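What follows is calculated from the coordinates using simple rules that are stated; it is not laboratory data. This one's a predicted model, so the numbers in the text were calculated from it and none came from an experiment. Cβ coordinates were reconstructed from backbone atoms using ideal geometry, including for glycine residues, and neighbour counts include every protein chain displayed.
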Amino acid sequence: MDHFVIGLDIGSHYIKASALSTTDETFMVSALVESQGMDKNEIVDVKALGSAVKKVIQKLEGKISRNITSVFLCVQPEHLKFHETSGHAELFGDAVTQRELDIAMDSAQKVSIGGEDEIVDMVISKYYVDETIYGNPLGVRGSNFDFTGQLATAPKTYVEKLYDALALAKIKIAGTGLSTVGAGSILLSRGDWQKGAVIVDSGAHTTRAVYVRNHKIVDVSSVQLGGKNITRDLAIVLKISLLEAEELKKSYARGTLAKEDNDYQMIEDIIKARIEEIMSFVEKFVMKHQETGEVKKVVVHGGGLCGFNSINKMYKSALNLSTNFITSDIIRDDSVLTIQSSGLAYHLLSAIHCKGAIDEMIRLEEQQLEEVSTSTSDEDFFKKYQMKFGEENVDVKNMNSDDEDEYLDDYEDSSIFQRIRDWFVSLKNKIIK
């Protein structure tokens, strides 16, 4: 039977899930719902978050006509630390297989990272067979197989809450991965990863900038500015409600606000001013790394800025390099909203070192299909999937939230690429030269 790799991206305003077929990599669909249990980028109510995860999984199940029992979860860059590492396996004259790759990956994780952190992903920079670099080492004969890369770690307390929330939704976490790597797998070429690029994720509350070079995560920075700040600016200056301001912003973003409107020029000035502030953060981040390294490209995605169809005209870059906004005029079905969850799923199927995890996922799914299903209580399920290093009691806090509509909720039922291969070809031709 066909299997699907499920990428899940938990944001402060949306939870997004994408399903990519393991047998037909041109088929991917996605779903999203409003977040619950999140305050900015922190989990404040595990039970509410679990309920929201359950909703988005149910929506995705309806689209693929398949039960979903496990997902691969995106981890946002502001929670991460990075550690240089290397992996090694002896070949004894044989060819590199998945076995040697797994041995080398196990050896790479045997580093001291501190008791408060947990490994959430591995970024591999280069593969070597007998000190010769290979893009794909599988099948290459030699004496020694090595790779260099980074371990990404996140605080155990944060990771535990993620596992607890998904356990309450009766979903197992098959693995975790970096949201930046997921987005970069779609938006950047191998040359971009090598020569230097900045990936910017602009959300409702937070804008994140990540610098990658030599196939490594070099630097991460974020600022608490995003699409919601624009909404509040409009509400304050125009003396209207947040709901009215949100609708006004979305109307301008779509290009449907009449220029004859008495407040049109003021609305445009307010939006442009905040966009300039957000992008000034990006410019400072980029310039810092232009001084110490190389930056060949800046790619911006996310609804906070890229929800504006005319963003390229509204912002004139002070940077003397390629700056691309991944807007809905490039991705016509508005799949800009699911770049991270979709990208993680795509990365898992395309990255050499992830093959073992996918094979294990498929093996477990087929094994479960062969077993006679038995009903279990919610409590039994929660205990079964509680993290081995986690505590059973989770500190739950009340979340403060306002009642206005979430950003870009017009797109709630939008689906990811109808045919992902055509999407990739179109996208690569337009923004990745």
Quarter of the surface of the C-alpha convex hull for the stretch 212-338, i.e. direction-averaged projected area in nm², equals 8.7 nm²
Hey, with R₀ at 45 Å, roughly what FRET efficiency would Glu268 and Glu131 work out to, going by the Cβ-Cβ distance, to 0.05?
0.20
Whole-number D in µm²/s for the stretch 73-130 (Stokes-Einstein; Kirkwood sum over Cα pairs; 20 °C, 1.002 mPa s):
161 µm²/s
On the formula 1/(1 + (r/R0)^6), with r taken between the Cβ atoms of Asp106 and Arg254 and R0 of 56 Å, the FRET efficiency rounded to 0.05 is 0.65
Largest first and to the nearest Å, give the Cα extent of the stretch 1-146 along each principal axis.
53, 41, 20
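Round to the nearest 0.05 the FRET efficiency obtained for Glu244 and Gln368 when R0 = 45 Å and r is the Cβ-Cβ distance.
Approximately 0.35, to the nearest 0.05.
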Point-to-point label distance, Phe281-Thr69, nm (Cα→Cβ direction, 7 Å offset):
4.2 nm
Loop trypsin sites (Lys or Arg not before Pro), the stretch 90-177 (other Cβ atoms within 10 Å of the site Cβ: 10 or fewer; DSSP)
Lys110
For the stretch 1-79, shape from the Cα gyration tensor axes a ≥ b ≥ c, cut at a/c of 1.5 then a/b versus b/c, turns out prolate
Of Lys272/Lys296; Lys16/Lys355; Lys55/Lys249; Lys47/Lys239, which sit over 32 Å apart, Cα to Cα?
Lys47/Lys239
Distance in nm between label sites at Asp359 and Ile236, each 7 Å beyond Cα in the beta-carbon direction?
5.7 nm
